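The values are calculated or read from the model by the stated rules, or taken from the named source; none is laboratory data. Nothing here was measured: the structure is a model prediction, and the numbers come from that model. All Cβ positions, even for glycine, are placed from backbone atoms using ideal geometry, and neighbour counts span all protein chains on display. SASA here: full protein model, heavy atoms, side chains in, ligands and nucleic acids out. Shrake-Rupley method; radii C 1.70, N 1.55, O 1.52, S 1.80 Å.
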Amino acid sequence: MLNITVLVSGGGTNLQALLDAQSRGEIQNGQIHCVISSNPNAYALERAKKAEIDTEVILRKTFETAEQYDQALVELLKKHDTDLIVLAGFMTIIGRAVVEAYPNRIVNVHPALIPSFCGKGYYGLRVHQAALDAGVRITGATVHLVDEVCDGGAILMQKAVEVRQDDTPESLQRRVMEQAEWKLLPQAVSLICQGKIQVQNGKAIIKE
């Protein structure tokens, strides 16, 4: 059974999707063990407390350098015996120390079909605004492993979502979450916990 730590910064809707999937028995061989927030006021912390899950808060501004922050985060993850890290709306960039401590064991969900609308500066509503500005007919979500490249790492799962002519960034964001993010993230986490994903030459192979 793998210990899962979820990193959050905001409302925690993706965390809730994971908690709901866990309560339904859909995350096999894994258990959410801890929730760490970069924001002391994140509602995600309340979601974790309601589920009786340990919480921690670590603020970037309390550290002089990014390297010090990364090292403190690694120590906190180890304190909770973390096997797998899930980034669920975590707004602080994690650095080399964290990636090297947990190679191919950090998962992120991005609200677009990578390699579209991803990389530095593409987060939150900005992603959906970019999709609307480009006039694409479909967008979606991607669950991927995390490496040192922003929104890099092997792609695990993707799901397409229709873009409608009357969409706003907010309406598109909601549909992408409901139809893609909340479904893909628990599925991908379960596959990893079951040992069904291998990375070969930078690509993820899902074993049947």
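To keep it simple, each residue is scored yes or no on (1) touching a Lys or Arg at 6+ places or on another chain (Cβ under 9 Å); (2) within 18 Å of Val99 (Cβ to Cβ); (3) surrounded by 13 or more Cβ atoms within 10 Å (Cβ to Cβ).
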position: Arg137; (1), (2), (3): no, no, no
position: Gln158; (1), (2), (3): no, no, yes
position: Arg164; (1), (2), (3): yes, no, no
position: Gln173; (1), (2), (3): no, no, yes
position: Trp182; (1), (2), (3): no, no, yes
position: Val199; (1), (2), (3): no, yes, yes
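The residues of segment 153-206 that are more than 21 Å from Gln22 (Cβ to Cβ), assigned to a loop (DSSP other than H, G, I, E, B) and touching a strand residue (DSSP E or B) at 6+ places or on another chain (Cβ under 9 Å), listed by number, are Gly153, Ala154, Val163.
Among the residues of segment 70-89, count how many are closer than 25 Å to Ala141 by Cα and either surrounded by fewer than 16 Cβ atoms within 10 Å (Cβ to Cβ) or not β-branched (Val, Ile, Thr) (or both).
Filtering segment 70-89 for residues closer than 25 Å to Ala141 by Cα gives 83-89.
Applying the additional criterion that residues be either surrounded by fewer than 16 Cβ atoms within 10 Å (Cβ to Cβ) or not β-branched (Val, Ile, Thr) (or both) yields 83-84, 87-89.
Total satisfying the criteria: 5.
Taking (1) at pLDDT below 95; (2) over 18 Å from the mean Cα position of the chain (by Cα); (3) crowded, with 16+ Cβ neighbours inside 10 Å in turn, Ala51 satisfies each apart from (1).
Glu100: open to solvent by 90 Å² or more (accessible area, probe 1.4 Å), without any contact (Cβ under 8 Å) to a residue 12 or more places away in the chain and assigned to a loop (DSSP other than H, G, I, E, B), yes or no?
Values: open to solvent by 90 Å² or more (accessible area, probe 1.4 Å): yes; without any contact (Cβ under 8 Å) to a residue 12 or more places away in the chain: yes; assigned to a loop (DSSP other than H, G, I, E, B): no.
So Glu100 does not fit the description; no.
Let's see how each residue does on (1) under 25 Å from Leu19 (Cβ atoms); (2) touching an Asp or Glu at 6+ places or on another chain (Cβ under 6 Å); (3) of a type outside the set (A, V, I, L, M, F, W, C):
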{"site": "Val74", "(1), (2), (3)": "yes, no, no"}
{"site": "Leu77", "(1), (2), (3)": "yes, no, no"}
{"site": "Thr82", "(1), (2), (3)": "yes, no, yes"}
{"site": "Val99", "(1), (2), (3)": "no, yes, no"}
{"site": "Arg126", "(1), (2), (3)": "no, no, yes"}
{"site": "Ala134", "(1), (2), (3)": "no, no, no"}
{"site": "Gly140", "(1), (2), (3)": "yes, no, yes"}
{"site": "Leu145", "(1), (2), (3)": "yes, no, no"}
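Taking Val149 as the residue in question, decide whether it is open to solvent by 40 Å² or more (accessible area, probe 1.4 Å), part of a loop (DSSP other than H, G, I, E, B), farther than 21 Å from Gln200 by Cα and β-branched (Val, Ile, Thr). Spelling it out, it is not the case that Val149 is open to solvent by 40 Å² or more (accessible area, probe 1.4 Å), part of a loop (DSSP other than H, G, I, E, B), farther than 21 Å from Gln200 by Cα and β-branched (Val, Ile, Thr).
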